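We did not get these values from a lab; they are worked out from the coordinates using the rules stated. Please read all numbers here as calculations on a predicted model, not as lab measurements. Cβ sites come from the backbone with ideal geometry, for glycine too, and all protein chains shown count toward neighbours.
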Amino acid sequence: MFVDFRDQPPPPPWPPAPPPRRISRREEKVLTWVIGFNLLMLLFGPLAGSSVIDALVAIARG
C-alpha cells in the first residue's frame, strides 16, 4: 500500500512553457484589413441596412 520513494532521485524539473507564437507580417496585414473593414461596416452598415429595408417595403407596397 505504501511505496517508499526516499531512495529515489527527484524527478527532473518541468520544461518551461513554449512562448506564444507571434503572427507573421502577412497575418498582421490581413488582421489590419479585417479590423479596418469591420470599423467601416460599423459606420456604413446601418445606413445600407436601412436602405435595403426601405427598398423591400417599397417593393411590398407596390
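For Ser50 and Val30, what does the FRET efficiency come to when R0 = 30 Å and r is the distance between their Cβ atoms, rounded to the nearest 0.05?
The computed FRET efficiency comes out at 0.50.
Compute the acute angle (0 to 90°) between the alpha-carbon long axis of helix 25-61 and the principal axis of greatest extent of the alpha-carbon atoms of the chain; round to the nearest 10°. Helix 25-61 sits roughly 40 degrees off the main axis of the chain.
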